[in-house]
Amino acid sequence: CSSDLSLLCALGLGWGGSQSLWAQHTPQDELLAPYVGHSSVQRGRVKLEIPRLADNGFSVPLKVSVSSPMTTQERVRKLLLLSNRNPRPLIAEFDFGPGSGEVRLATRVRLGGSQTVTALALTSDGRWWLDIADVEVTESACLDQT
């Protein structure tokens, strides 16, 4: 155990891990930068639904939809699900082609503790749209950093 966790280790709570087990919340600008670069991001068009309280971070239900006509000229090209606390911030990435009908999905995700989840959509005009939701997780799913 690291020196910062020596008390927890002495109490048997260190799980043989390191400081990164308790990942810090990544600020939103830092979280989005690898995906959007210097582009501006707007709220709207994206709707993220996730429970405010999740008893178990191993399987948290999540729904996302994006308002778009989904025509050849105007459509959603990409949808990203991001976590500001998981060891790997990119939870999932979906690409949509011109033949895609609508952007609506439901899935389950792993969350490493209480955090903010972000749904980020790129439209064909190069604009980024997002919605965010805070989730309180009582049992973290990412203690082993996977």
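Only the coordinates and a few stated rules stand behind these numbers; no lab work does. Note that this is a predicted model, so its numbers are computed, not measured. Here the Cβ positions follow ideal geometry from the backbone for every residue, glycine too, while neighbour counts run over all protein chains shown.
In a DSSP loop and with at most 15 other Cβ atoms within 10 Å, the trypsin sites (Lys or Arg not before Pro) in the range 42-103 are Arg52.
Here is the list for the range 77-146: GluC sites (Glu not before Pro) lying in DSSP coil, each with at most 16 other C-beta atoms within 10 angstrom of its C-beta, are Glu102, Glu139.
Near Ala92: Cβ cut-off under 12 Å, other residues only, Lys/Arg at +1 and Asp/Glu at -1. The net charge is +2. With Cα atoms as the point set, the radius of gyration and Dmax of the range 43-143 evaluate to 13.9, 44 Å.
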